[in-house]
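The values are calculated or read from the model by the stated rules, or taken from the named source; none is laboratory data. For clarity, every value in this text was computed on a predicted model and none was experimentally measured. In this analysis, Cβ positions are derived from the backbone assuming ideal geometry, glycine residues included, and neighbour counts consider all displayed protein chains. Side chains included, ligands, DNA and RNA excluded: accessible areas come from the protein's heavy atoms. Shrake-Rupley method; radii C 1.70, N 1.55, O 1.52, S 1.80 Å.
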Amino acid sequence: MSGVSRSMGGNTVETATVEPYKEQEPFLWDNHRYYGFISGVGAGKTAVGVMRTALNAEIWNRGSMGAIVAPSTRMIKNAIFPVLKDFGLWKKWDFSGFQAEEPGFSTPDGGRIVILSADNERTVERLANLNLSHWWLDEAKETPKRARDVLKERLRVGNYRNGYITTTPNGYDHNYDFFVKEPREAGTLEEYAYGQAKLYESDN
């Protein structure tokens with residue numbers, strides 16, 4: 001599967017065969033700082049998170065540092081790692097285990113993708129030591145709001161600084177407030193159907 005060029009978000013990334021669904025395509029655009037993909041089980045949230053991470057590592061922010069943050073190490077191993085392997089990225093990027101000082105991947109262009117779990121306060125505060133060009137917060141409904149707040153402040157390097165979350169919905173929680181409630185109250189939210197999905201766009 002690996003080694004096939006596919007277009008993602010108008011860019012071509014050398015990865016496994018990847019054909020985003022129509023509903024996934026807006027998540028791969030690069031005209032906003034923050035993106036969220038909130039959907040039920042089986043909609044391809046992890047896959048599209050990996051796609052966007054590949055775009056950051058190989059096109060938008062080549063040679064810079066990014067981060068993948070998930071609720072637990074188990075989720076990283078059981079959900080994210082298999083998709084990285086399916087897409088052929090595991091072979092392209094060098095992995096440093098969780099016992100390393102900075103666990104994660106090194107890319108051929110000198111970039112880094114740190115992988116951390118947000119399962120305790122100390123780990124969350126470690127994020128404050130990073131200078132990032134991009135970050136992905138997976139299953140954000142299970143991670144504390146503090147993790148996203150810290151990550152927002154760490155977007156300090158790179159050509160296109162951006163943060164993105166993938167998660168199943170959890171009602172009107174802090175993720176809803178971040179992407180929908182605040183811009184709606186400010187009168188800057190545009191809402192429209194996109195395939196079988198609902199797309200929100202704002203200046204937030």
Study note, to complete from the structure: Candidate cut points under chymotrypsin sites (Phe, Trp or Tyr not before Pro) in segment 33-124, DSSP loop plus at most 16 other Cβ atoms within 10 Å of their own Cβ, are 98
Revision key, fill the gap. Cross-link reach from residue 198 to lysines, straight Cα distance under 28 Å and at least 8 residues apart if same chain, gives 22, 45, 141, 145, 152, 181
Review point. Tell me, what is the 1.4 Å probe accessible area of residue 21, in Å² to the nearest 10?
Key: 150
Review point. So for segment 82-204: antiparallel DSSP bridges make up what percent, rounded to the nearest 5?
Key: 65
Review point. What trypsin sites (Lys or Arg not before Pro) in segment 150-184 are in a loop by DSSP, with at most 16 other Cβ atoms within 10 Å of the Cβ?
Key: 156
Study note, to complete from the structure: Taking a ≥ b ≥ c as the square roots of the Cα gyration tensor eigenvalues, with a/c under 1.5 meaning rounded and otherwise prolate when a/b beats b/c or oblate if not, segment 15-98 comes out rounded
Check your understanding: So what's the back-of-envelope 222 nm ellipticity for the chain, counting only DSSP H runs of four-plus at -39500 (n - 2.57) apiece and dividing by all residues, rounded to 500?
Key -> -5000 deg cm²/dmol
